[in-house]
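Working notes, beginning with the structure itself.
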Amino acid sequence: MAKKLERVGIAGASSLVGKELAEELQESVLATATVILLDEGDAAGQLETVADEVTFVQKMEPAAFEGMDFVFFAGDPEATLRHWRDAGRWGASIVDTTYALEGEKGVLVRSPWVQDDATTKPDLKTPGVVSAHPVAVMLGLVAKQMQEGLKVRSLAATVMQPASEHGRAAMDELHQQTVNLLSFQQIPKDEYDAQVAFNLLPAFGEEAKVKLSAMAQRVRNHYAAIGGEKFPELALTVIQVPVFHGYALSIMVELQEPASQEQVESALACDQIDVVMDDVDPPSNLSAAGQRDVLVRVTAEPADAAVATRFWLWMTADNLKLTALNAIACALELRKLRPVGSVQ
């Protein structure tokens, strides 16, 4: 029995998440795998760099999935719906970062970092998994870590969402709005149907191509899916902020019993969370850029309390990197279900 050389496909390779996946795969245990880039439209046939090697983006079509062990869907949700069954018929394990497969029969929402002891795990009958939304992963890590050592009554989170979470077109529109406002010109509103530049918004215009309310409901659903009844109650609101990258969350944690700030910091510390102490600069979307960890600072309410039942958590994370890392963790979980090698 020889070790099989794995083949990994990124469907939607030209997207922001697709590019991040291509980079992070080279730093993962799948680094030795052959990575095949797939896309539709003008993106097919373009040149991209993977592991310092230039490769063509192949056309996404049924035959393109032949021989693949894993396929990450990272582009247009409609393209995911068109092609995911083709990938499955070729025997590929499917990880969806577009959320298009939510509600498909047998498809699970997963965050292995949060669900490492979950009873509901993928099995041989699982047709694919949806990589949990990065905000749900951030909130899930908080809930998991704090529930293990402290009794949490509830979480209330204000989520500040960057433009890159909506894709490249939304980022381009934020950029063009900024340029046009500074030059006193009319601003484009094709994506948001509202002024996002130099502005904070709890909702977009009626003609917007993206919806904050849909994103908020997705986070609630994913938080419930990865936590079940074990997680504390969640209250959530989402604000669009005029930044390109990086999530920032302001979270109020309410405990059932008083605890010190040091106890909360100790409970939060884990492989995926970096607790930032008071004697250094606070986390920001800029300091989180390129970081694999979620950054968090803890403050008691009130701030000078020796012990308290309420604490503020200020959390930031690179949204694209967190999405890619969680998706790869999902693939590694599915990898345990695949054959180990090939017969010579």
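The values are calculated or read from the model by the stated rules, or taken from the named source; none is laboratory data. Here the structure is a predicted model, which is why all the values come from computation and not from measurement. Using ideal geometry, Cβ is built from the backbone for each residue, glycine included, and neighbour counts are taken over all protein chains shown.
Below are the figures for this structure:
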read-out: Filtered residues of the range 92-127 (kept if charged (D, E, K, R), under 22 Å from residue 25 (Cα atoms) and in a loop (DSSP other than H, G, I, E, B)); value: 116
read-out: Which numbered condition residue 127 misses (of (1) buried (at least 20 other Cβ atoms within 10 Å of the Cβ); (2) at pLDDT below 95); value: (1)
read-out: Top-ranked residue of the range 176-204 - restricted to ones that are among the β-branched types (Val, Ile, Thr) and not in a helix (DSSP H, G or I), ranked as farthest from residue 138 (Cα to Cα); value: 187
read-out: Residue 165 vs. criteria acidic (Asp, Glu), outside any loop (DSSP other than H, G, I, E, B) and under 21 Å from the mean Cα position of the chain (by Cα); value: yes
read-out: Count of residues meeting criterion [at pLDDT below 95, in a strand (DSSP E or B) and either of a type in the set (Asp, Glu) or closer than 30 Å to residue 174 by Cα (or both)] in the range 243-282; value: 1
read-out: Close pairs (7 angstrom Cβ cut-off, 6 or more residues apart or separate chains): within 22 Å of residue 25 (Cα to Cα) and without any contact (Cβ under 8 Å) to a residue 60 or more places away in the chain in the range 61-79, crowded, with 16+ Cβ neighbours inside 10 Å and of a type in the set (Ser, Thr, Tyr) anywhere; value: 77/98; 77/99
read-out: The range 167-180 residues that are polar (S, T, N, Q), paired with ones that are at pLDDT 95 or above and not in a helix (DSSP H, G or I) (beta carbon under 6 Å, 6 or more apart); value: 176/188; 177/187; 177/197; 178/197; 180/187
read-out: Some residue of the range 176-183 being within 24 Å of residue 217 (Cα to Cα) and either assigned by TED's automatic domain parsing to the domain that holds residue 313 or of a type in the set (Gly, Ala, Ser) (or both); value: no
read-out: First in the range 1-20 and assigned to a loop (DSSP other than H, G, I, E, B), second anywhere and at pLDDT below 95 and among the β-branched types (Val, Ile, Thr), Cβ under 7 Å, 6 or more apart; value: 1/343; 5/34; 13/57; 14/57
read-out: Within the range 209-240, considering residues that are basic (Lys, Arg) and touching a residue at least 12 places away in the same chain (Cβ under 8 Å), the one surrounded by the fewest Cβ atoms within 10 Å (Cβ to Cβ); value: 230
read-out: Checking residue 312 against (1) more than 19 Å from the chain's Cα centre (by Cα); (2) at pLDDT below 95; (3) under 24 Å from residue 226 (Cβ atoms), the condition it does not meet; value: (2)
read-out: Residue check for residue 173: surrounded by 21 or more Cβ atoms within 10 Å (Cβ to Cβ), in a helix (DSSP H, G or I) and either of a type in the set (Asp, Glu) or in contact with a His (Cβ under 6 Å, 6 or more places away or on another chain) (or both); value: yes
read-out: Residue in the range 59-70 that is modelled with pLDDT under 95, assigned by TED's automatic domain parsing to the domain that holds residue 11, surrounded by fewer than 23 Cβ atoms within 10 Å (Cβ to Cβ) and assigned to a strand (DSSP E or B) present; value: yes
